[in-house]
1. Using only alpha-carbon positions, what ratio does the radius of gyration of the range 15-97 give when scaled by 2.2 N^0.38 Å?
2. For the chain, what does the accessible surface come to per residue with a 1.4 Å probe? Please give it in Å².
3. If I compute solvent accessible area with a 1.4 Å probe over the protein chains, what percent of it on the chain is carbon and sulfur?
4. If the label point is 7 Å along Cα→Cβ of R47, which residues in the range 7-33 have backbone nitrogen under 18 Å from it?
5. Using the Karplus curve 6.51 cos²θ - 1.76 cosθ + 1.60 with θ = phi - 60°, what ³J(HN,Hα) values do you get for each residue of the range 49-61, in whole Hz, with x for Gly and Pro?
6. Anything over 31 Å Cα to Cα? Flag those among K192/K305; K192/K270; K270/K306, in the order listed.
7. Using θ = phi - 60° and the Karplus form 6.51 cos²θ - 1.76 cosθ + 1.60, what ³J(HN,Hα) does each residue of the range 323-330 get, whole Hz, x for Gly and Pro?
8. Amide H to amide H under 5 Å from T385: which residues, 5+ apart in sequence or cross-chain, H placed 1.01 Å off N in plane?
Amino acid sequence: MAAEYDLTKNMIPFLDRHLVFPLLEFLEVKELYAVDDLLQAKYALFRNSNMADFILDLHKKINNTDQTPKEIADKRQQVLAKMEQLQAEVQKVMQVLEKPEVISVLRQDKVQNLQTLKDNYNFTEETIDILYDFGQFEFDCGSYGGAADMLYHFRVLSTNEERCLSATWGKMAAEILTGNWDVALEELQKLKETIDHKGGIAPLQQLQQRTWLIHWSLFIIFNHPKGRDSIIDMFFAPQYINTIQTSCPWVLRYLAAAVVTSKRRKAQMKELVKIIEQEAYEYRDPVTEFVEALFVRFDFDDAQKKLKECEKVLANDFFLNDIQEDFMESARQFISETYCRIHQKINIKDMTQTLNLNQEEGEKWIVNLIRDTRVDAKIDFEENTVIMNTPVTSVYQQVIERTKGLSFRSQVLSSAIKRRETQAATKETTA
């Protein structure tokens, strides 16, 4: 079952090859596929890169030989020669940029900065591009820290928007691969802002860029302390939900895991349930089926079964492996709360079976649940039951609850209509 629900093949088309490598390493540790197949996959992935020593090592393992093929030896020499050439060119540029008198005159205005460097140091746009070329070269060699530095300097000075966007993608990947999660999150926000608000991007290109951003963001989301809140804010935005539904419905697994484990975002569960219901024909796995069983059908037996399957799926998922215990704990709490809401009298033995716990663990769990969530209930130890005191909600309160969000939604729709009318009027005026 583990390999059946592995999403690596779905994700590879939307990731840089350097970001694919940690996923293949994880699969090798988990022994989901044959070691030889994974070695071949790594070799195919990097054979055209600048990582000559790594390619040679893979070649020797695959072919069980100590011989070095001529093409790999030649490739290594070419890479070293290219590195030496680029380092010499970059050194000249950096010697100028690191001068105190240059640092003191550089401003936020890139055009003015470039003009200053042209007038005083004979810089051209091609001179600035050397930083980009070397950053890209270092990244392809696996020197991610150096690549991030070069791309940062390039982006500060360059006026080429397309290359600056490409440099931001490269810098984010480099920060991910060095585990610099705070900076990686900043780069993610910059890319999101650019993709969402940059004019002149064709709808298909925007869809492709959002799909890539969603996949790259998973590395940050499940490693940064505030990452899971970020995924909820980002993925529930209409344009990103549309992207997930159109291009990558398997990402619902990660959105569901984030919502289930987020203590402060339980309100989003209703929204998640609607989306999972809509996409059930397109994509489903034990994680989405658990949500569906519990919150759509209220089928506790099926939810219990799916929760057991979730444990195996999460253990073999690169992004969710570390939150497995957190997910199981939160999922049990959701089961308990839902079970308590629809039953007035609960048999503790039945409840512990539903939670996949033994009798002693189940009793402790229920006591802690009542204490921590302040559920209005009492435990009858003689009958081994929990008696729920269900408050009666008045009709007026029910109406208030159901119409709470109408005002906000109306404002959002009104703003959207006004924006479209303004854009249409602007186009007519221009025409």
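The values are calculated or read from the model by the stated rules, or taken from the named source; none is laboratory data. Here the structure is a predicted model, which is why all the values come from computation and not from measurement. Cβ atoms come from the backbone with ideal geometry, glycine included; neighbour counts cover every protein chain shown. Ligands, DNA and RNA are stripped out before the accessible areas are found, and what is left, the full protein with its side chains, is counted by its heavy atoms. Shrake-Rupley method; radii C 1.70, N 1.55, O 1.52, S 1.80 Å.
1. 1.39
2. With all protein chains present, the chain gives 55 Å² per residue.
3. With neighbouring chains kept in place, the figure for the chain is 49 percent.
4. 17-18, 21
5. 8, 8, 7, 4, 5, 5, 4, 4, 4, 5, 4, 5, 5
6. K192/K305
7. Values, residue by residue: 9, 4, 5, 4, 5, 4, 5, 5 Hz.
8. So T385 has HN proximity to I348, D380.
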